[in-house]
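Asker: Next up is a structure, given as structure tokens.
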Amino acid sequence: MASLRVHSAAGGPRIGATRTGRPTALRLLLLLGAVLKAQESLAQLLTTPDSMKFKGQKAVENYTKNVQLCWLDYKDYMDSIKKDWCDWDIISRPYSSLQYCLEKNADEFQLGFPNPWAERIIIETHQLHFANCSLEQPTFSDPPEDVLLALIIAPICLIPFLVTLVVWRSKDSEAQT
């Protein structure tokens with residue numbers, strides 16, 4: 001980090017500057033501006049049905065057509081899968097490509113994501129393809145009794161041994177001093 005020097009113009013306020021002579025306040029403002037500009041570019045407005053009225057009906061119609069193409073591609077891909085639709089390893093690729101297609105089209109038409117049309121497609125795919133999927137958790141049972149006893153007795157037996165070891169080592173260190 002550069003060291004800080006203080007300069008003052010004739011009769012003016014004192015301004016902190018780095019070794020290179022640039023005022024510190026100016027560098028902080030530039031840094032602040034860069035951070036705020038980056039946050040603004042990352043921000044994305046949410047699309048509501050009311051805000052669509054101002055985007056133009058033609059753009060909305062084109063977006064709706066493109067979203068339908070995304071849906072048809074996804075549906076064809078899912079219909080070709082004959083295995084379990086509830087297995088995420090199998091369906092993650094088509095699901096991710098559907099989401100990417102919806103987001104990309106929303107960006108192209110400057111509609112924001114999520115929007116009502118994308119939400120409708122996602123809800124429809126969940127109702128059609130994942131209605132029978134549930135979050136079943138495997139039921140765990142107790143371990144066999146001999147394993148359970150070993151897991152309980154091992155720490156109980158270790159505690160007196162460790163206490164004895166600590167006392168013995170502390171007596172050795174007292175004898176050496």
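The values are calculated or read from the model by the stated rules, or taken from the named source; none is laboratory data. Computed from a predicted structure; not experimentally measured. Because the Cβ atoms are built from the backbone with ideal geometry, glycine has one as well, and the counts that use them run over all protein chains shown.
Asker: So which residues in the range 129-150 are exposed (fewer than 10 other Cβ atoms within 10 Å of the Cβ) and farther than 30 Å from residue 81 by Cβ, if there are any at all?
Answerer: 140, 141, 142, 144, 145, 146
Asker: Here is a list of conditions, (1) under 25 Å from the mean Cα position of the chain (by Cα); (2) assigned to a loop (DSSP other than H, G, I, E, B); (3) of a type in the set (A, V, I, L, M, F, W, C), and residue 140 meets all of them except one; can you say which number that is?
Answerer: It is condition (1) that residue 140 fails.
Asker: Name the one entry in 83, 65, 53 that is among the basic types (Lys, Arg), exposed (fewer than 12 other Cβ atoms within 10 Å of the Cβ), modelled with pLDDT of 80 or more and over 27 Å from the mean Cα position of the chain (by Cα).
Answerer: That would be 65, the only listed residue that is among the basic types (Lys, Arg), exposed (fewer than 12 other Cβ atoms within 10 Å of the Cβ), modelled with pLDDT of 80 or more and over 27 Å from the mean Cα position of the chain (by Cα).
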